[in-house]
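Below: one structure, written as structure tokens.
The values are calculated or read from the model by the stated rules, or taken from the named source; none is laboratory data. Computed from a prediction, not measured in an experiment: that's the story for all the values here. Using ideal geometry, Cβ is built from the backbone for each residue, glycine included, and neighbour counts are taken over all protein chains shown.
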Amino acid sequence: MRGTFYQVEHVTRYVHAGRASTSQHVACLQPRVSPRLTLHAHDLDVDPAPGAMVERLDYFGNVLHQFEILTPYLEMCAVSRSLVEVWPRVDSINFDDSPSWESVRAANAWNEEAAGGAEVPPFDPDIEYCFASPYVTLDPALADFARASFPQGRPFVAGAIDLMRRIHSEFRFDPGATTITTPITRVLSERHGVCQDFAHLQIGCLRSLGLPARYVSGYMLTDPPPGQPRLVGADASHAWLSIRCPRLGWIDLDPTNDALPDVRHVTVAWGRDYGDVSPLRGIVLGGQRQTLHVGVSVIPVDPPAWPGLVVS
Amino acid sequence: MPRTPTDNRLASLLSLYETPTGHVDELFDGTQSLRPHWEQFSQHAGTLSAESLSRAQARVDRQIHENGVTFNVYAAADGLARPWTLDVLPFIVPAGEWETIDRDMRQRARLLNALVADLYGRRDLLTERVVPAALVLRHSGFLRACAGIEPPGGIFLHLVAFDLVRGAEGRWTVLETRTQAPSGAGYAIENRATIARLFPEAFRALWVHPLGGFLQGLRRALVEQAPVSGGDSPHVVLLTPGPYNETYFEHAYLAKELGFPLVEGGDLVVRRDHLFVKTVAGLRPVHALLRRLDDDYCDPLELRADSTLGVPGLVQAWRAGHVLVANAFGTSVVQARGLAPYLPAVCQRLLGEPLQSASFGPTESPRLSHAPVWQKDGPASRGVVLRVFVATDGEGGYQVLPGGLARMSGADQRTVSTQRGGGSKDTWVLSTPAISAVPVGEARAPRSYATTIDEGATSSRAAEHLFWLGRYAERSENVARLLRTVLVRLTDSDALPRRLRPIVLGTCRSSGLLLEREAVVERSAALEQAGAVIESALVAGMLDAKGHQSLAYNVAQTVRVAAAARDRLASDNWRLLNRLHQQLTDSAGAAIGLDEALEIVDQSIVALVAVGGLEMAHMTRDHGWRFLSIGRHLERLSFVSATLEDVAASPLRADPMLLEWLLDLSDSLVGYRARFMHHPEWPHVVDLLLLDSHNPRSDVFQLLKLAKHVQLLPGNQSPDLADLVQDAERLVAMAAPVMRSQGELFTRQLALDEMLVKSQQIAAGLSDALTLRYFSHVYDVPRATV
């Protein structure tokens, strides 16, 4: 049996007004291998050529590439190319069958003040997805907004899906309205943003109720307007979230598209928030003002489309 | 309980002092008798009287000020440094009590190190449910970028501080733990130097534990564990957030005591996973970093992207094992007070031994024990928190500084916070004759492992600070001399006849001592009033640190750059500048007469000359010193050529009174008289002040020195610098023939004009070219992309 094959190209280009003397970068661009994703090939090509490139795993198990450019430049371009094969979830889930949201919260509750010497709860490494993180503050306003989706006794997953629907219908997708540093409380009050904001917002809502959720970065297959050809580089990188439910494990939710990601989403990395999985962060010395150009193409392909690739 | 009258001196002095009920008193026991170690102190403390203690306290305050022991408060809008407060009475810990503290705190440091290693490594404590995962994973100090990193020798913690409070049963109990970048050890050692000399007899009789050895141990540990490759000798630096940090004094102090260069993030760079410091001779490897910068600020690439204080790539260099970082990044997670209830189990699990010390639980707020602090009107009872310091000893273990920082609560008696104005006490740990054998003064200087500080080691930033120190110190001296020559002559119309006033005051104006508007007043004022008007304008111009380029302003700038470079300056140097600055500040705003103004100017000149002398007598002749000298010569060159040009352009330039003033201004009057034995004549004055390569104040002398120093600077000279050096040498070569050509007036005049103009161009050009070649890359602004 075969999954769905995509060829993904992610181009990041920085154009500087003046000469940059050196720069250092950490890329989080390699799709993450999981039971539902096979990575057949990946290649990160940087121009100007980096002095050295180190590959390592981060705390969350994502693959990072760290490199430095020591030759002065006006323009830097990083191209990440992947050939991935993705599969749908094998288990069909009855979301109404998930445990109540209160029981999920109780399982993660930890009261430091009451704890003085109290019995230590069983170790759960994912408990960190219940806490505030640099881009996701916890706030009563977020909890208030979320509560409408979580009436007493409602199954956790059903509530989370309802919350996703509300964000999708009540918030306007507006690429110019926010930046990555816009606090989610402002996204909440102004009712607009982009995919990162919606993912952060829903994560913040859930965590404010004591429920675990993590941030997922990746790509999504989009359909060109009817009758028009697919344009290379017309897409952007995408972000959604994942909630963790006892028995069912991690379940992805895409509030930007009101969708449960399946074979149209390609996961690159996950972490507490954007800061953990930023696709290409860097420190540039000199260079003055910079302009960022990003182009992403997700193209369905028949295997084997990659030169030299043999898919068994 | 009222105390019974006693013939004990300390007890009677403290008879009015009262500790609130419910608090243990450190000096008196339950029956209101002096405790034995305080009894002993009292016997040997000499004449203790309210007057003597108040006088001693005043001396302590003054000394602290002059030594520049400061604690900056961020909140102060003017960014000024607030002096550290130190109480005249020491805090005494008896030997038996200290033995327990020493043993327990060493165990605790070992424990915390093992705890950090587990949390960033195997996480056994979490999986085995010894520590609740939430306590760790929710803590902002748990840095995920550091997971899995093993530091050199397995040592995460090189320096730890514990705040101890005397608990209910009299036992010292841990209130707070500082593992991030603990401050206070430097203040503790500096406190000792101040207080021990007040009670020399008691200090000897009580066998107070010396503090030497502690820093050497730390130093040895860092030097020996620094990962060094390929025959390099270990190079250790101390990373500071900079002069605006609240404990910057201590950073500079420790850098000096440890012999590690003090650097800021901008001085460091990571290339191919190795750390380097930018020096005037290029990049130089760094093998270990003692940091006083909070870890999340240390690397904008992997930690806080908005940090402008860190070094991009530092975490990766550390991860790759190429640099030792003390303390390791991520260690502040074990500061969490919530961990306290679990530490006994952690100790059992990780060290296989019971935890010997107790700590207060996360929500407990203990009642502090009390001790007296000496205030203006007598003793006051204040709460004590004893901060003790534990460091690696360079032999695989930990050592405790046998002393510490006794921090006293503020007047509200609840908070102990240096930022809110609580004071500190020198802590005396009592010991036995054998231990105290090392005299304090001798033990303070680290001796072993002399670093080989090579010529190129001067960081670009230090070089820039020293360059400006040279310029401002010289400029201050020039301004002071100018003031003196004018103020002295104001009272004597023979010395400064009215015809000369425009040119002399013009020089004052171009030096920034007189404002344009004051010069107008002077011109229009009636003859008999003019003197008074000028006098008050000049005195104002001397002390006003804001409106003028005054003496006070220039001295303040000198102190400011000296503060940034203070790890390279002798403490006497610092003391002289600080005292001068204080004097000028104190005099500002007061109505000051001419003779008082002259006295201040005289004292300023003496202090500034002494500062210059110390630079010659004390400083190592490395590139740092060279930049300082270049700054001085450059400033002197532009001053002497500018004043000469003013006079040369004047029709009165042959006037002996004017020439005498000019010679006085250049401190060359005595030299002139010795050589020429007659009234000043213009050609001779020109020879002496412009052309004479033997006069250390002459134009040519500065050009010679500048050419020499610049050529000795490291690396390739930029074309600009090389051209300027050539220009300087050409002018020097012109000088001798011109000196001999007294007769050919026309040629001589042309040469003089050229020299004066060119000299000023060289001064300005050199400053720019040096900045470009040696300093500027320090200030390249790093930009983050996320």
Item checked: Entirely in the range A:1-78, the strands (runs of 3 or more DSSP E) that have 2 or more residues that are within 9 Å of chain B (Cβ to nearest Cβ) and without any contact (Cβ under 8 Å) to a residue 60 or more places away in the chain -> A:52-57, A:63-69
Next item on the list: Please give the number of the condition residue B:563 fails out of (1) more than 30 Å from residue B:711 (Cβ to Cβ); (2) exposed (fewer than 15 other Cβ atoms within 10 Å of the Cβ); (3) in contact with a helix residue (DSSP H, G or I) (Cβ under 9 Å, 6 or more places away or on another chain).
Entry: (2)
Note to self: I'm trying to understand the selection: among the residues of the range B:82-96, which are surrounded by fewer than 19 Cβ atoms within 10 Å (Cβ to Cβ), touching a Leu at 6+ places or on another chain (Cβ under 9 Å) and not small (Gly, Ala, Ser)?
What the structure shows: B:94
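Assess whether residue B:220 counts as being in contact with a Phe, Trp or Tyr (Cβ under 7 Å, 6 or more places away or on another chain) and away from every other protein chain (no Cβ under 14 Å). I'd like the intermediate steps shown before the answer.
On the way: in contact with a Phe, Trp or Tyr (Cβ under 7 Å, 6 or more places away or on another chain): yes; away from every other protein chain (no Cβ under 14 Å): yes.
The answer is yes for residue B:220.
Only one of these is among the aliphatic types (A, V, I, L, M), in contact (Cβ under 8 Å) with a residue 60 or more places away in the chain and within 14 Å of chain B (Cβ to nearest Cβ): A:203, A:251, A:243, A:180. Name it.
Working: A:203 fails: within 14 Å of chain B (Cβ to nearest Cβ); A:251 fails: within 14 Å of chain B (Cβ to nearest Cβ); A:243 fails: within 14 Å of chain B (Cβ to nearest Cβ).
That would be A:180, the only listed residue that is among the aliphatic types (A, V, I, L, M), in contact (Cβ under 8 Å) with a residue 60 or more places away in the chain and within 14 Å of chain B (Cβ to nearest Cβ).
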Check: How many residues, within the range B:690-702, are buried (at least 21 other Cβ atoms within 10 Å of the Cβ) and either more than 33 Å from the chain's Cα centre (by Cα) or within 20 Å of residue B:774 (Cα to Cα) (or both)?
Finding: 7
Checklist line | Where residue A:100 falls short, out of the listed (1) buried (at least 16 other Cβ atoms within 10 Å of the Cβ); (2) of a type outside the set (A, V, I, L, M, F, W, C); (3) under 30 Å from residue B:303 (Cβ atoms) | finding: (3)
Check: For the range A:91-119, which residues satisfy the criterion of being hydrophobic (A, V, I, L, M, F, W, C), assigned to a loop (DSSP other than H, G, I, E, B) and modelled with pLDDT under 75?
Finding: A:93, A:110, A:118
Check: Looking at the range B:389-411, which of the residues that are among the aliphatic types (A, V, I, L, M) and under 20 Å from residue B:425 (Cβ atoms) is surrounded by the most Cβ atoms within 10 Å (Cβ to Cβ)?
Finding: B:406
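Any idea how many residues of the range A:127-154 are hydroxyl-bearing (Ser, Thr, Tyr), within 14 Å of chain B (Cβ to nearest Cβ) and more than 20 Å from residue A:186 (Cβ to Cβ)? Step through it out loud before you land on a result.
To start, the set of residues in the range A:127-154 that are hydroxyl-bearing (Ser, Thr, Tyr) comprises A:129, A:133, A:135, A:137, A:149.
From what's left, within 14 Å of chain B (Cβ to nearest Cβ): A:129, A:133, A:135, A:137.
Now narrow it down to the ones that are more than 20 Å from residue A:186 (Cβ to Cβ): A:129.
Total satisfying the criteria: 1.
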Note to self: Out of the strands (runs of 3 or more DSSP E) lying entirely within the range B:249-354, which hold 2 or more residues that are more than 14 Å from every other protein chain (Cβ to nearest Cβ) and surrounded by fewer than 24 Cβ atoms within 10 Å (Cβ to Cβ)?
What the structure shows: B:282-285
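Can you name the helices (runs of 4 or more DSSP H) wholly within the range B:647-699 that have at least 3 residues being under 19 Å from residue B:508 (Cβ atoms)?
Values: elements: B:656-665, B:669-676, B:682-686.
The qualifying helices (runs of 4 or more DSSP H) are B:656-665.
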Check: Within the range B:709-728, how many residues turn out to be modelled with pLDDT of 85 or more and buried (at least 16 other Cβ atoms within 10 Å of the Cβ)?
Finding: 8
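Conditions tested, residue by residue: (1) buried (at least 19 other Cβ atoms within 10 Å of the Cβ); (2) touching a Cys at 6+ places or on another chain (Cβ under 6 Å); (3) within 14 Å of chain A (Cβ to nearest Cβ); (4) in contact (Cβ under 8 Å) with a residue 12 or more places away in the chain.
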{"position": "B:108", "(1), (2), (3), (4)": "yes, no, no, yes"}
{"position": "B:115", "(1), (2), (3), (4)": "yes, no, no, yes"}
{"position": "B:126", "(1), (2), (3), (4)": "yes, no, yes, no"}
{"position": "B:129", "(1), (2), (3), (4)": "no, no, yes, no"}
{"position": "B:132", "(1), (2), (3), (4)": "yes, no, yes, yes"}
{"position": "B:137", "(1), (2), (3), (4)": "yes, no, yes, no"}
{"position": "B:141", "(1), (2), (3), (4)": "no, no, yes, yes"}
Notebook entry, point to check: Does any residue in the range A:268-291 that is free of Cβ contacts under 8 Å to residues at least 40 places away in the same chain come within less than 7 Å, Cβ to Cβ, of a residue that is surrounded by fewer than 24 Cβ atoms within 10 Å (Cβ to Cβ) six or more places away or on a different chain, and which pairs are these?
Noted result: none
Item checked: Residue under evaluation residue A:239, criteria (1) surrounded by fewer than 24 Cβ atoms within 10 Å (Cβ to Cβ); (2) hydrophobic (A, V, I, L, M, F, W, C); (3) under 22 Å from residue A:295 (Cα atoms), criterion not met -> (1)
Checklist line | Residue under evaluation residue A:143, criteria (1) surrounded by 18 or more Cβ atoms within 10 Å (Cβ to Cβ); (2) in contact (Cβ under 8 Å) with a residue 40 or more places away in the chain, criterion not met | finding: (1)
Next item on the list: Just give me the residues in the range B:146-164 being surrounded by fewer than 21 Cβ atoms within 10 Å (Cβ to Cβ), within 13 Å of chain A (Cβ to nearest Cβ) and in contact with a helix residue (DSSP H, G or I) (Cβ under 8 Å, 6 or more places away or on another chain), in sequence order.
Entry: B:149
Notebook entry, point to check: Residue check, residue A:144 against (1) within 24 Å of the chain's Cα centre (by Cα); (2) modelled with pLDDT of 95 or more, all met but one. Which one?
Noted result: (1)
Notebook entry, point to check: Name the pairs whose Cβ atoms lie under 8 Å apart, with the first residue in the range B:533-544 and free of Cβ contacts under 8 Å to residues at least 24 places away in the same chain, the second in a helix (DSSP H, G or I), and 6 or more positions between them or separate chains?
Noted result: B:533/B:518; B:533/B:521; B:533/B:522; B:537/B:518; B:537/B:521; B:537/B:522
Margin query: Is it the case, given these coordinates, that residue B:168 is farther than 12 Å from residue B:388 by Cα, away from chain A (no Cβ under 14 Å) and touching a His at 6+ places or on another chain (Cβ under 6 Å)?
Written below: no
Next item on the list: Quickly run through the range A:123-155 and pick out the residues that are farther than 26 Å from residue A:277 by Cα and either in contact with a Pro (Cβ under 6 Å, 6 or more places away or on another chain) or part of a loop (DSSP other than H, G, I, E, B) (or both).
Entry: A:148, A:149, A:150, A:151, A:152, A:153, A:154
Notebook entry, point to check: Being polar (S, T, N, Q) and either at pLDDT below 95 or over 19 Å from residue A:273 (Cβ atoms) (or both), is that true of even one residue in the range A:225-237?
Noted result: yes
Item checked: Qualifying positions in the range A:120-130 - modelled with pLDDT of 90 or more and surrounded by 19 or more Cβ atoms within 10 Å (Cβ to Cβ) -> A:127, A:128, A:129, A:130
Notebook entry, point to check: In the range A:260-295, what count of residues is obtained for those that are more than 30 Å from residue A:95 (Cβ to Cβ), under 19 Å from the mean Cα position of the chain (by Cα) and either modelled with pLDDT under 85 or more than 14 Å from chain B (Cβ to nearest Cβ) (or both)?
Noted result: 1
